[in-house]
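Q: So that we are looking at the same thing, I have put the structure below in structure tokens.
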Amino acid sequence: MLVDWILCVLAAGLFSHPSREAWTPSLVLIAEYAFFIGVFGQTPGMWLARIRCVSVTTEAAVGIPRAALRGLLLTLLVPPLVMDGARRGWHDKAAGTIVLAGRTG
């Protein structure tokens, strides 16, 4: 997530000033997660870490709406801190996703 956050802060810096408008990197993060996880099943940071985020039932990409929900909840920080035995946080449960080891592409 650190790699993705750095990319989002850099991207947000192209059209705003992230130190004065702290919400812009968060919006970029939601958009990044919506696109990359929704379509490819992993963000650039996940690709480097060799993990992927897929549907808990089909192990396929979840689509943009569910990935956007996951990204939105992830920006709240509380959902990833509360995990079950399968290491699924509230953001994963709400979006119906699971993070697995292994690259998809």
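Q: For the chain, max minus min Cα coordinate along each principal axis, in Å, sorted largest first?
A: Ordered largest first, the chain gives principal extents of 40, 29, 23 Å.
Q: With the crude spin-label approximation of a point 7 Å out along Cα→Cβ, what separation in nm comes out for Arg50 versus Ser16?
A: Output for this residue pair reads 3.6 nm.
Q: At 0.36 nm per residue, minus the direct Cα-Cα distance, what do Ala101 and Arg87 gain on full extension? Give it in nm, one decimal, please.
A: Answer, rounded to one decimal: 3.8 nm.
Q: Could you put Leu81, Leu74, Leu27 in order of accessible surface area, largest first, with the 1.4 Å probe and the full protein assembly present?
A: Leu81, Leu27, Leu74
Q: Is any residue of the range 1-45 close enough, with backbone N under 11 Å, to a label point placed 7 angstrom from the Cα of Thr75 along the Cα-Cβ axis, and if so, which?
A: 22-34
Q: Taking only complete DSSP H runs, can you tell me which helices of the chain stretch 18 Å or more along their own long axis by Cα positions and average at least 1.0 on the Kyte-Doolittle scale?
A: 23-40
Q: Using a 10 angstrom cutoff on alpha carbons, build the Gaussian network for the chain and name the most mobile of Leu73, Leu14, Leu29.
A: Top of the fluctuation ranking is Leu14.
Q: Quick check for me: using +1 on Lys/Arg Cβ and -1 on Asp/Glu Cβ, what's the dipole size of the range 26-105 about its Cα centre, in debye to the nearest 20?
A: Its charge dipole is roughly 120 debye.
The values are calculated or read from the model by the stated rules, or taken from the named source; none is laboratory data. All figures in this text were calculated on a predicted structure; none of them were measured in a lab. Here the Cβ is made from the backbone with ideal geometry for all residues, glycine too, and neighbour counts use every protein chain on show. Surface accessibility is based on the protein's heavy atoms, side chains included, excluding ligands, DNA and RNA. Shrake-Rupley method; radii C 1.70, N 1.55, O 1.52, S 1.80 Å.
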